[in-house]
Amino acid sequence: MNVRGFLALVGAVALFSAVPAPGAVPTPESWFGHRMGADRELLDWDKVVSYFEQLPNSSDRIRVSEYGRSAENRPMIVAIIAAPETLRNLDRYREIQRRLADPRITSPAQAEPMFREGKNMVLLTCSIHATEVASTHSAVEFAYRLITESNPHFDAILHNTILLLVPSLNPDGVDIVTRWYRRTLGTRWEGTGPPELFQKYVGHDNNRDWYIFSQPETRATISQLHNVWHPEIVYDVHQQGQNASRMFIPPWLDPIEPNIDPILVQEMNMMGTSMASDMTAAGKDGIAIHAAYDFWTPSRHYQAFHGGLRILTESASARLATPITVRPEQIDTTALGYDPRQRSWNYLQPWLGGTWRLRDIVDYQEIAFESLLYNAALHREEMLRNFYKVGQHQVARMAPWGAVISRDQRDPGATRKMLETLAAGQVEISQSADGDYVIPFQQPYSGYAKALLERQQYPNELIYPGGPPKQPYDVTAHTLPLLFGVDARFVEQPVNGLTRRTDFAPRSGGPIWRASDSDGWKAANALWAGGKSVWRNEAGDFSAAPQSGYGWHEVKRPRIGLYQSWMADIDEGWTRWLLEEFGFAYTTVHNADVQSGNLRGRFDTLIFADESPAAIENGYAPGAMPPEFTGGLGERGAEALRQFVRGGGTAIFLNRAAGYAIGYLGVRAKNVVAGVPVRDFYCPGSLLRARLDLRSPLTRGLPEDVTIWNEGSPAWESEENAVARYPERNVLASGWLLGESYVAGRTALIDARSGSGHIVLFGMRPQYRAQSYLTFKLLFNALVMGQ
Ligand SMILES: [Zn+2]
């Protein structure tokens, strides 16, 4: 221990003498009726909340507050844990963070004493992925230990850091998974994942929401925690598969998103390897660093664009709370960045099989929590200094000088939404004298704004020359202007005469809503919901009443059915989110609803979200799940769909689901990229250029040239009506595309006729993760096809 650490310890011991005896704080065991991590025991969210809420009654090292509500209205809570004198001055420490986060309001001379006085702010978030159950257990036990035990490490942590502990970022998921686990306990399905999404709309994609902020959990956590406390470290706790390393810890793999400050990357390397050495010193095998996980998409890395580290650990899973035994020959050999069977510099003590249970995960996690916090305590002053320095780099940015988003846009609704989204991530937006929106880059989070406004050039990396691509961990493009269909440009020269804008008031609605404006669809849905009529003209514009001139006709509210399989399809959830966000009424349709026939009597439009054709046709195999959740549409469902379309209905298939329509509904199209090896063609989530046929009613309100979201998407050679095609060259707009010639000139959107109905095939995800406002309108137009 260094001198400062020793002094901290002495001070802490003196101050903690007033703390009640440890016995006064209820143990987790007494509260929950079992030890944390016990075999076959999972937690109820209300008990977790009540446990945390009573802790401040018997300890002055902790405060607990509700900071938001989940999608299903459960409380989201944060426990703030620090030395009592720190907690008494929380406002002061929060003010230091605010001042250090913005070098424009804090000079180096003013910052200097704050480096010495401030605390290292650590936000530790658990169980965002609810089937990764362990970390909520670890949070309960670790909080208890931190407020009851006294030892040099904990004392240094309490004195030097402020821990913001979120026992679950997804409270709904805690109960969804626990309910399913108890229902299946003792059956052959014990330990399986539930047949529903573990977050209402987006399931596992809830950690891909951290720049678009579409979900209430993300919005609450960003606005109430990240943007208020400006943590130097955000540690997000996850679990991975069963058969490779026991725990992954950074350093990350390449590529690192180019706008992330190198100081933060170096600190993540430092913190990760410190944690790995502590894990090893504690006798824990199977620690992998610099493996599997890259650092590209900002959808998972909010804090790395806001001056802080993002630390991830991924523990090996059991089967929820059911122990597993891994045989040596089951150890994975295909892990990225290391060989789980071999000793190497970044995997020094391979874990070669054995029994693995929830308690093992809790043990590993608590060592990792302590290690991270102790290292945060040791490096407190340097990390505060570097936090400020990263901000200095951001505000000094001059090339480009900034971005201009012109006031005249095709889609004012999407433009406003894009600006609001950037503002929610603390981007400052101004307006010029002529009304354009301007984002000067001399501000603390300019790298974040730049990353989201520019086109990504993902490195073209192969595993070996001529070999397959090095697959990114997630998607490769995040260019908001292309996704939103908004015109934005970088400028090299300063724009003068700016007025700061903090409001993005809705523009006043006229008698006509343009089809190009996504707000037009909201207006139409509001009218329908109020029992009123909606009129459209030939250009697709909306009105509450027919206007002068020809071509206005009444459009009826479509009766929409959204197919939901039992396989917890994330894209179905995103589609549901989209329909609700824009006010479309819909009915969820399961296999039996389709098979029962008479679909045309009940629906005008049926939507099948991105899911494999086999999942739609077969679902879970018999025996894989309780009988009510097995099976798919089968032949009866397919025949009911054929009748629906022949009878004038519209069936819409998104991305991979389009293969179902080709296989079972007779659409004449061939997916030319099916079966092509990834070394020849690869598009892991990128924005591609496409040209629309503006004669099609699907394209109303859209420009001829668009960018669409391709993520393992089909591209067709087809005899059917092609509504969108890829260009012959220069297909990639942002991200990564290998083997452009495979898709060049091919069809990306089909409107096939069958009887008096339509089958619409989207070779894209038109509603991609709540972001692709430009192509939302293709889907909306499809919802009113045939009218
Ligand atoms: Zn996870």
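The values are calculated or read from the model by the stated rules, or taken from the named source; none is laboratory data. Worth saying up front: this structure is predicted, and the values here are computed from it rather than measured. Note: ideal-geometry Cβ built from the backbone for every residue, glycine included; neighbour counts use all protein chains shown. Surface areas here come from the heavy atoms of the whole protein model, side chains and all, with no ligands, DNA or RNA. Shrake-Rupley method; radii C 1.70, N 1.55, O 1.52, S 1.80 Å.
If you roll a 1.4 Å probe over the heavy atoms of the protein chains, what accessible area per residue do you get for the stretch 475-592, in Å²?
On the way: 5220 Å² over 118 residues.
Spelled out: the 1.4 Å probe surface of the stretch 475-592, per residue, equals 44 Å².
Is the stretch 48-122 rounded, prolate or oblate when judged by the Cα gyration tensor, a ≥ b ≥ c being the square roots of its eigenvalues, rounded requiring a/c under 1.5 and prolate requiring a/b larger than b/c?
Oblate is the answer for the stretch 48-122, as a/c is 1.5 or above yet b/c matches or exceeds a/b.
Return one number: the angle in degrees, 0 to 90 and rounded to the nearest 10, between the long axis of the Cα atoms of helix 518-529 and the longest principal axis of the Cα atoms of the chain.
80
With all protein chains present and a 1.4 Å probe, how do R746, R343 order by accessible area, largest first?
R343, R746
Carbon and sulfur atoms: what percent of the 1.4 Å accessible area of the chain do they account for? If you can, show how the numbers build up before the last one.
Numbers: 14030 of 28170 Å².
Summing carbon and sulfur atoms, their accessible area is 50 percent of the total for the chain.
What relative contact order, as a whole-number percentage, does the stretch 246-344 give when Cα pairs under 8 Å and 6 or more residues apart are counted?
Relative contact order of the stretch 246-344: 37 percent.
Could you work out how far the C-alpha centroid of the stretch 247-319 sits from that of the stretch 754-784, in angstrom?
Rounded to whole Å, the Cα centres lie 38 Å apart.
For the stretch 35-90, what class follows from the C-alpha gyration tensor (a ≥ b ≥ c being the square roots of its eigenvalues): rounded when a/c is under 1.5, otherwise prolate if a/b is larger than b/c, else oblate?
In terms of gyration-tensor shape, oblate.
Hey, can you find the accessible area per residue of the stretch 729-787 for me, probe 1.4 Å, expressed in square angstrom?
Per residue, the stretch 729-787 has 23 Å² of solvent-accessible surface.
Pairs K450/K522; K417/K450; K417/K522; K556/K777; K119/K450; K450/K777: which are spaced more than 20 Å apart, C-alpha to C-alpha?
Details: K450/K522 30 Å; K417/K450 17 Å; K417/K522 13 Å; K556/K777 17 Å; K119/K450 30 Å; K450/K777 26 Å.
Going by Cα-Cα distance, K450/K522; K119/K450; K450/K777 fall outside the 20 Å limit.
When you count, for each residue, the other Cβ atoms within 10 Å and take the mean per peptide, how do 262-274, 70-82, 392-404, 309-321 rank with the highest first?
Highest-to-lowest ranking by the protection proxy: 309-321, 70-82, 262-274, 392-404.
Restricting the count to DSSP beta bridges whose residues both fall in the chain, what percent are antiparallel, rounded to a multiple of 5?
In the chain, approximately 60 percent of DSSP beta bridges are antiparallel ones.
Using helices alone, what [θ] at 222 nm do you get for the chain, with -39,500 (n - 2.57) per DSSP H run of 4 or more residues, divided over all residues and rounded to the nearest 500?
-10000 deg cm²/dmol
Please give me, ordered by residue number, the trypsin sites (Lys or Arg not before Pro) of the stretch 172-251 that lie in loop per DSSP and have at most 12 other Cβ atoms within 10 Å.
Within the stretch 172-251, the qualifying trypsin sites (Lys or Arg not before Pro) (loop, at most 12 other Cβ atoms within 10 Å) are R188.
For the chain, what does the relative contact order come out to in percent, with C-alpha contacts under 8 Å and a separation of six or more?
Answer for the chain is 11 percent.
How far is helix 570-581 tilted off the main Cα axis of the chain, in degrees rounded to 10, range 0 to 90?
On a 0 to 90 degree scale, this one is about 70.
I need the peptides 50-56, 27-33 ranked by packing, meaning the mean over residues of other C-beta atoms within 10 angstrom, with the highest value on top.
Taking the mean over residues of other Cβ atoms within 10 Å, the ranking is 50-56, 27-33.
How much of Y445 can a 1.4 Å solvent probe reach, expressed as accessible area in Å² and rounded to 10?
Rounded to the nearest 10, that gives 20 Å².
Compute the long axis of helix 380-395 from its Cα atoms, compare it with the longest principal axis of the Cα atoms of the chain, and write down the angle in degrees, 0 to 90, nearest 10.
Relative to the chain, helix 380-395 is tipped by roughly 30 degrees.
Over the stretch 728-787, what is the mean sequence separation of C-alpha contacts under 8 Å (at least six apart), divided by residue count, expressed as relative contact order in percent? Before the final figure, lay out the partial values.
Numbers: 44 pairs, mean separation 12.3, N = 60.
Relative contact order for the stretch 728-787 comes out at 21 percent.
So, by mean Cβ neighbours within 10 angstrom, what's the order for 353-359, 247-253 with the highest one leading?
Taking the mean over residues of other Cβ atoms within 10 Å, the ranking is 247-253, 353-359.
Not counting ligands, DNA or RNA, and with a 1.4 Å probe, what is D705's accessible surface area in Å² rounded to the nearest 10?
90
Once the whole set of protein chains is in place, how much accessible area is left on H306, using a 1.4 Å probe, in Å² to the nearest 10?
For H306, solvent-accessible area is about 10 Å².
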